[in-house]
Amino acid sequence: MNNREAAKKRPSAAVVLAFYVIMMLLCVAAIEVVLRLQQIFGPIYELEFASLVNQSPSDVLNHVPNTSVAIAGRKFDEYGIRLYSSLERPVNCVYSKKILFLGDSFMEGYDEAHTIPYLITKSLAKENICIEPFNAGLSSYSPAIFVPQLRMLYPKIRPDYIVVDIDETDFYDDNARYKDFIVRDALGRNIAVKSGSAYREVMKELDGARAQNSYIMRLIKIHFSKYLKLMNSAPRPGVKESDAIFELSKLGAESARAKFKDKIAFFQSNIQELIDVLKEHNFDLDHLLFIRHPHLEHLSAAAGGPAFNNVIFEATKDVATANNVKIYDSLSDLQAAFNGHPEAYYFKNDMHFNFKGMEAYGAAVSATLSPMLTK
């Protein structure tokens, strides 16, 4: 074969270019598919940002529900109250007692059937007790935010009862997230918790990323964004945020009280101010109930697992007791309900109850609320 015949059999430059273009497009498509599959079955790398996109910055409550979107069945009204399309009520329900629920993601819940207020309403209906739940819980809310939130919501709702869920994460959120953003009036009262500029920039970047239909483009935009830096930032050098949140809880009780004395006092002052807001409205404090949900580490100690102390619950209880306010600790009731297998009632590698755990906690709180509502 001479050189002329060999040249004729070689593919043209256009064919070679087309081949490489097709292979590149197939690779891009494969990467896109892989990213979408990992989002469904993981995610290993979060590219939907559902929990964050469902929030908007606020000059009063730091962050509020984004009412323009519905994520995972979660819808909110203009005041940040969860909307329920249906609730189980007694047949003869004429007057519903209005109950305002304050809390963080544990109270916010998931789809409407898997929220603590929904489950409590369902449980109480079986006892022929009719309530109208106002679920104001939102991820990372804590007493510092409950105060201006209550100032805003109380005149609008005029609840008959109020239930406030407090746990260890609230102590961290009050001190690490919100303390520097509290706005006080001339009397020193907490009237707002502003959003930081970094948070606003991150939310803007996330909105831009989610506007991209391609997951590859989302990955590229996020890789060079402040969002990634914020997620990887530590509250102080060498400490992950997940460790910092429960740093107090992992210490011995006396060591924790000594090390975090001032921060515990600040946390308690926010709980006290919440009660003071209700006193300003002449609310019957006998209709106020603080509730505490335990973390897995509170329940697994008996089986030789890691143990959390009860310092935050006791700090909350001290304020409640000083004001003659009821407080319910579900620890012992859930220990009995979980029957030595508490890990079966929490999502794996997550601090939150799974749906079974939520049902157990909802039933336990309902049993405490029932006698209060039937007086």
Which condition number does L206 fail, the rest of (1) modelled with pLDDT under 95; (2) surrounded by fewer than 16 Cβ atoms within 10 Å (Cβ to Cβ); (3) not charged (D, E, K, R) being met?
-> (2)
Name, by its number, the condition in (1) modelled with pLDDT of 95 or more; (2) over 22 Å from V164 (Cβ atoms) that does not hold for I312.
-> (2)
Kindly indicate whether A136 is farther than 30 Å from D262 by Cβ and without any contact (Cβ under 8 Å) to a residue 60 or more places away in the chain.
-> no
Any chance region 356-364 includes a residue that's over 23 Å from the mean Cα position of the chain (by Cα) and of a type in the set (A, V, I, L, M, F, W, C)?
-> no
Any chance region 187-197 includes a residue that's closer than 30 Å to R36 by Cα, surrounded by fewer than 18 Cβ atoms within 10 Å (Cβ to Cβ), at pLDDT below 95 and not charged (D, E, K, R)?
-> no
Hey, does region 96-106 have a residue that's modelled with pLDDT of 85 or more, within 24 Å of L285 (Cα to Cα) and assigned to a helix (DSSP H, G or I)?
-> yes
Which pairs have Cβ atoms under 6 Å, sit 6 or more apart or on different chains, and link a residue in region 165-180 that is of a type in the set (F, W, Y) to one that is buried (at least 21 other Cβ atoms within 10 Å of the Cβ)?
-> F171/F267; F171/I312; Y178/A144; Y178/V193
In region 105-133, the residues that are more than 18 Å from P90 (Cα to Cα) and of a type in the set (F, W, Y) | F106, Y110
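Matching residues to (1) within 13 Å of L369 (Cα to Cα); (2) crowded, with 22+ Cβ neighbours inside 10 Å; (3) in contact with a Ser or Thr (Cβ under 6 Å, 6 or more places away or on another chain):
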site: M107; (1), (2), (3): no, yes, no
site: A144; (1), (2), (3): no, yes, no
site: Q149; (1), (2), (3): no, yes, no
site: M152; (1), (2), (3): no, no, no
site: I162; (1), (2), (3): yes, yes, no
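Being in contact with a Ser or Thr (Cβ under 6 Å, 6 or more places away or on another chain), surrounded by 14 or more Cβ atoms within 10 Å (Cβ to Cβ) and either touching a residue at least 60 places away in the same chain (Cβ under 8 Å) or small (G, A, S) (or both) narrows it down to one of A367, A363, so name that one.
It is A363.
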On the given criteria, is L296 closer than 29 Å to P43 by Cα and touching a strand residue (DSSP E or B) at 6+ places or on another chain (Cβ under 6 Å)?
-> yes
Within region 49-83, the residues that are at pLDDT 90 or above and surrounded by fewer than 17 Cβ atoms within 10 Å (Cβ to Cβ) are D59, V60, D77, E78, Y79, L83
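The values are calculated or read from the model by the stated rules, or taken from the named source; none is laboratory data. Note that the structure is predicted; figures quoted are calculated from it, not measured. Here Cβ is always computed from backbone atoms with ideal geometry, including for glycine, and neighbour counts include all displayed protein chains.
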